[in-house]
Amino acid sequence: MAYSSGKVAGALIFIAVAQFVIGMIVSEALYPGYSVADNYISDLGVGPSAVIFNSSVFLMGLLLIIGAYFLHRAFRFTMLTVLLVLTAVGVMGVGVFTEDFGAIHGVVSLMAFLFSGLSAIFSVVCSYVHELKLVRMPFSAFGIILGLMTLVALGLFGGGVYLGLGVGGMERMIAYPILMWGAGFGGYLIAYSEERRIERKSQ
């Protein structure tokens, strides 16, 4: 059961990220004059393509919550489960509380970015704390690096430092690394070998 739950979690996480990336690209294409440098990602949620963007981001959060449930059934990584659920709540909040909601939108966006970056890092930490080593090299290194990239970019963004990328470009330096991790982590879970899990527990 743990093995199949892990695969279900991986599939849900991968689908969540993949459909959002596609939804965001479509939303950008349908938004006249949209600039990835000068426009916030969330501008897509109040523009001509708002229905597509908001539906896609809400679906991503919903799938992540369900994926977190199956991940917990498979590996019992409580801290990682909590972080993923908090990420998902923030993500769904972005789809519900658009920019028109002001400070509330800022809070849910911060939740989505902060807890997703921490999720990538803790996917590695929990693996070693539980002596299961779910996430192994080289993907464990990728998780740490991508999580740190998101958190560092978030700190710079919050301080008004955009590194010449514009507000939209810098916001994507927060979002893209964690989306890459999410897709990779989902694929990793799908391919994870139950034999490795049993072997590790028996040692």
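The values are calculated or read from the model by the stated rules, or taken from the named source; none is laboratory data. Since we're looking at a predicted model, the values are computed, not measured. Neighbour counts are summed over all protein chains in view; Cβ atoms, including those assigned to glycine, are modelled from backbone coordinates with ideal geometry.
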Q. Just wondering, is there one or more residues in the stretch 40-61 that are surrounded by fewer than 17 Cβ atoms within 10 Å (Cβ to Cβ), in contact with a His (Cβ under 9 Å, 6 or more places away or on another chain) and farther than 15 Å from residue 175 by Cβ?
A. no
Q: Considering (1) assigned to a helix (DSSP H, G or I); (2) under 19 Å from residue 96 (Cα atoms), say which one residue 48 fails and leave the rest.
A: (1)
Q) Residues of the stretch 72-87 being of a type in the set (Val, Ile, Thr) and at pLDDT below 90, which ones? A) 78
Q. Taking the stretch 18-39 only, how many residues are within 21 Å of residue 106 (Cβ to Cβ) and surrounded by 20 or more Cβ atoms within 10 Å (Cβ to Cβ)?
A. 3
Q: Out of 9, 37, report the one residue that is touching a residue at least 60 places away in the same chain (Cβ under 8 Å) and under 28 Å from residue 135 (Cα atoms).
A: 9
(Q) Condition check: part of a helix (DSSP H, G or I), touching a residue at least 60 places away in the same chain (Cβ under 8 Å), within 16 Å of residue 192 (Cα to Cα) and within 13 Å of the chain's Cα centre (by Cα). Does residue 123 satisfy that? (A) yes
**Q.** Filter result (part of a helix (DSSP H, G or I), surrounded by fewer than 19 Cβ atoms within 10 Å (Cβ to Cβ) and among the hydroxyl-bearing types (Ser, Thr, Tyr)) within the stretch 141-187
**A.** 176
